[in-house]
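Worksheet: one structure, shown below.
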Ligand code: ATP
């Protein structure tokens, strides 16, 4: 399988404060990679750096062969990169339908957008029933589905999610993670996932990356990471 995302020697931070140090990371096309690690390890910073919200001070980031250094953050979606931020970013005053349409707004071909919208509704049945409900009327799980659905409206090659299970009941978390696996299996979507729920995340992931103090301390097949007791005790607390 070819690599969709490649980070080579990436360092980044906030102003003079370095957070990420010499990150090397690849995510194979059509796979799910989970980034795990303690609070403050730099997971969110990593996603924000890939998204272009923070510019690396060193190294390079390539998506599907394109170097992202020259790509503006607002153009990132055109290059196939979408981020579902922590807290989800749903616009609560707008309806489900309006939120989803916003996600496809930049696309010129409206017939194609309509097709993607139908696919999103097919995938997230609860949203279909709530099309005309305002964002604030949704449950936590529905909001998370909406945030993912909105990102999918851009038909990304790489979908990044920051803590999609935050505040959700375990059953709903399992549903959301299963949907990500379904998307990978059925559409070949590539996913980069940050999760506190390490066990659940690794169970649907192909690859796992452990970050500690802004450095990659392990990068291995997910199954192998999950069964490494010493690594789990040292970095993941279980
Ligand atoms: P969490 O799970 O707590 O969100 P994380 O692994 O996602 O943790 P980051 O949020 O990336 O970690 O934070 C990494 C480091 O960067 C922390 O030391 C944090 O204090 C620092 N940091 C995060 N955001 C900023 C900011 N806007 N300005 C300065 N430092 C920041």
On the phi < 0 side of the Ramachandran plot, within 16 Å of the ligand (Cβ to nearest atom) and crowded, with 18+ Cβ neighbours inside 10 Å, is that true of residue 51?
-> yes
Any idea which of (1) loosely packed, with under 15 Cβ neighbours inside 10 Å; (2) within 16 Å of the ligand (Cβ to nearest atom); (3) in a strand (DSSP E or B) is the one residue 9 doesn't satisfy?
-> (2)
Looking at (1) away from the ligand (no atom under 16 Å from the Cβ); (2) under 22 Å from residue 142 (Cα atoms), find the lone condition where residue 188 falls short.
-> (2)
Contacts under 7 angstrom Cβ, first residue in segment 42-61 being assigned by TED's automatic domain parsing to the domain that holds residue 216, partner within 10 Å of the ligand (Cβ to nearest atom) and in a helix (DSSP H, G or I), 6 or more apart | 54/45; 54/48; 56/49
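Starting from residues that are more than 16 Å from residue 11 (Cα to Cα) and in contact (Cβ under 8 Å) with a residue 24 or more places away in the chain, keep the ones in segment 62-77 and report whichever is farthest from the ligand (Cβ to nearest atom). Spell out how you get there, then give the answer.
Initially, segment 62-77 is screened for residues more than 16 Å from residue 11 (Cα to Cα), giving 63-66, 70-77.
Among the residues that remain, those that are also in contact (Cβ under 8 Å) with a residue 24 or more places away in the chain are: 63-64, 76-77.
On the way: 63: 20, 64: 25, 76: 18, 77: 22 Å.
So, considering only residues that are more than 16 Å from residue 11 (Cα to Cα) and in contact (Cβ under 8 Å) with a residue 24 or more places away in the chain, the one farthest from the ligand (Cβ to nearest atom) is 64.
For residue 135, are the conditions met, namely being outside the structural domain of residue 24 (by TED's automatic domain parsing) and free of Cβ contacts under 8 Å to residues at least 60 places away in the same chain? Even if it seems obvious, please write down each step before you answer.
Values: outside the structural domain of residue 24 (by TED's automatic domain parsing): yes; free of Cβ contacts under 8 Å to residues at least 60 places away in the same chain: yes.
Considered against the rule, which asks whether it is outside the structural domain of residue 24 (by TED's automatic domain parsing) and free of Cβ contacts under 8 Å to residues at least 60 places away in the same chain, residue 135 comes out as yes.
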Just give me the residues in segment 201-233 being within 16 Å of the ligand (Cβ to nearest atom) and part of a helix (DSSP H, G or I), in sequence order.
-> 201
If you go through segment 29-37 one residue at a time, do you hit one that is modelled with pLDDT under 95, closer than 16 Å to residue 194 by Cα, surrounded by fewer than 19 Cβ atoms within 10 Å (Cβ to Cβ) and within 9 Å of the ligand (Cβ to nearest atom)?
-> no
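The values are calculated or read from the model by the stated rules, or taken from the named source; none is laboratory data. All of these numbers come straight from a predicted model, not from anything done at the bench. A quick note on method: Cβ atoms are made from the backbone with ideal geometry, for glycine too, and the neighbour counts reach across all protein chains shown.
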